[in-house]
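J.: Below is one structure. I have some questions about it.
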Amino acid sequence: MDTNELISHSRARFSHHQARLNLKEKYQAKMTFAYRGGMWCAGPNLQSTLLTCSGTQAVILDLYETPIQIDTQELLALSQQRWQEQMTAWLVEFETLNQNR
């Protein structure tokens, strides 16, 4: 392998790595949503917190550490829906990115 091949190979690997990081950042931003005056990030942390709450009403902290009274079942459903939509879209783009590599 000559020097030019090594350089082009390393640039391609760097570009692919940077594209993966950009993709992660893009979809993590799309996980954020508003509910009852608070901002929430859909994901396993929120969902496990909601599943541990007893009853249908609870007061939990949003992303900005503001206590918000929420309906646990409603917020859980919204979080699961947002999570699944974004993870599916992320997977499609990720597979396309890997095919182009």
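The values are calculated or read from the model by the stated rules, or taken from the named source; none is laboratory data. Keep in mind that what you see is a predicted model, and the values were worked out from it rather than measured. Cβ coordinates were reconstructed from backbone atoms using ideal geometry, including for glycine residues, and neighbour counts include every protein chain displayed.
J.: Report, by residue number, each residue of segment 34-43 that is of a type in the set (A, V, I, L, M, F, W, C) and crowded, with 16+ Cβ neighbours inside 10 Å.
T.: Selection gives 40, 41, 42.
Matching residues to (1) loosely packed, with under 13 Cβ neighbours inside 10 Å; (2) assigned to a helix (DSSP H, G or I); (3) aliphatic (A, V, I, L, M); (4) modelled with pLDDT of 95 or more:
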{"residue": "45", "(1), (2), (3), (4)": "yes, yes, no, yes"}
{"residue": "49", "(1), (2), (3), (4)": "no, yes, no, yes"}
{"residue": "60", "(1), (2), (3), (4)": "no, no, yes, yes"}
{"residue": "69", "(1), (2), (3), (4)": "yes, no, no, yes"}
{"residue": "74", "(1), (2), (3), (4)": "no, yes, no, yes"}
{"residue": "78", "(1), (2), (3), (4)": "no, yes, yes, yes"}
{"residue": "82", "(1), (2), (3), (4)": "no, yes, no, yes"}
{"residue": "88", "(1), (2), (3), (4)": "yes, yes, no, yes"}
